[in-house]
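*Asks:* One structure, pasted below without further comment.
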Amino acid sequence: MSQRWITGPDVPLPRLTQAREFVAYWGDALGMRNWRISVEVGRDLDGATARCGVSFNYDDACIELQPWLLGLGAPPPRDVGAGYSAATDEEAFEATIVHELLHALMRRRDRAAARIREQLPDLLRSAYEQLHADANEEIVDALAWLLVRLRRAPEGGGGTPNPDGG
């Protein structure tokens, strides 16, 4: 897997190293060995913790992370989500990376959904968009936390895969 890194001078080296390790491990585990993946400090994420831009024609992805995830700027907001409040900082960071990699893998499904949306009448289009977005996030988030928690669980299981503790 090829990794490209656009890093600022203020990003703490331990956090960059950790991001590189997570992308390398999970990219390999998810079968993304031939992908080019970059991680950048996010700009204008509209309140999202992270975002993944992906090419539909090439195995290319760019993960943008909120500055606070990389140890820059202000601390995370209080309402960042149940997963973050129930997890260690490192575990939540890893789940965020996995979450965005899963989005990259779903690019063809998302493209097909966009084509379906284009064929819908205006009255149905916004409801379809919201339903698709909500379902997508719910599935990707559940899978990301499950994978991270299973990796971190002691040999033979244990641990709770649900970030809400259920």
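The values are calculated or read from the model by the stated rules, or taken from the named source; none is laboratory data. Predicted, not measured: the structure shown is a model, and the values here were computed from it. Glycine gets a Cβ as well: all are built from the backbone with ideal geometry, and neighbour counts include every protein chain shown.
*Asks:* List every residue pair whose Cβ atoms sit under 6 Å apart, with the two residues 6 or more apart in sequence or on different chains, where the first one lies in the range 112-132 and is within 22 Å of Phe56 (Cα to Cα) and the second, anywhere, is of a type in the set (A, V, I, L, M) and surrounded by 11 or more Cβ atoms within 10 Å (Cβ to Cβ).
*Replies:* So the pair list comes out as Tyr128/Leu120; His132/Ala113.
*Asks:* Assuming Thr160 fulfils every condition listed in (1) surrounded by 14 or more Cβ atoms within 10 Å (Cβ to Cβ); (2) among the polar types (S, T, N, Q); (3) modelled with pLDDT under 85 apart from one, which condition is it?
*Replies:* Checking Thr160 against (1) surrounded by 14 or more Cβ atoms within 10 Å (Cβ to Cβ); (2) among the polar types (S, T, N, Q); (3) modelled with pLDDT under 85, the one that fails is (1).
*Asks:* Mind checking which residues of the range 97-115 are closer than 14 Å to Val54 by Cα and not hydrophobic (A, V, I, L, M, F, W, C)?
*Replies:* Those that are closer than 14 Å to Val54 by Cα and not hydrophobic (A, V, I, L, M, F, W, C): His99, Glu100, His103, Arg107, Arg108, Arg109, Asp110, Arg111.
*Asks:* Could you list all residues from the range 33-50 that are closer than 18 Å to Gln18 by Cα and either touching a residue at least 60 places away in the same chain (Cβ under 8 Å) or within 13 Å of the chain's Cα centre (by Cα) (or both)? I'd like the intermediate steps shown before the answer.
*Replies:* Taking the range 33-50 first, the residues closer than 18 Å to Gln18 by Cα are 36-42, 49-50.
Of everything in the range 33-50, those that are closer than 18 Å to Gln18 by Cα and either touching a residue at least 60 places away in the same chain (Cβ under 8 Å) or within 13 Å of the chain's Cα centre (by Cα) (or both) turn out to be Ile37, Ser38, Val39, Glu40, Gly42, Thr49, Ala50.
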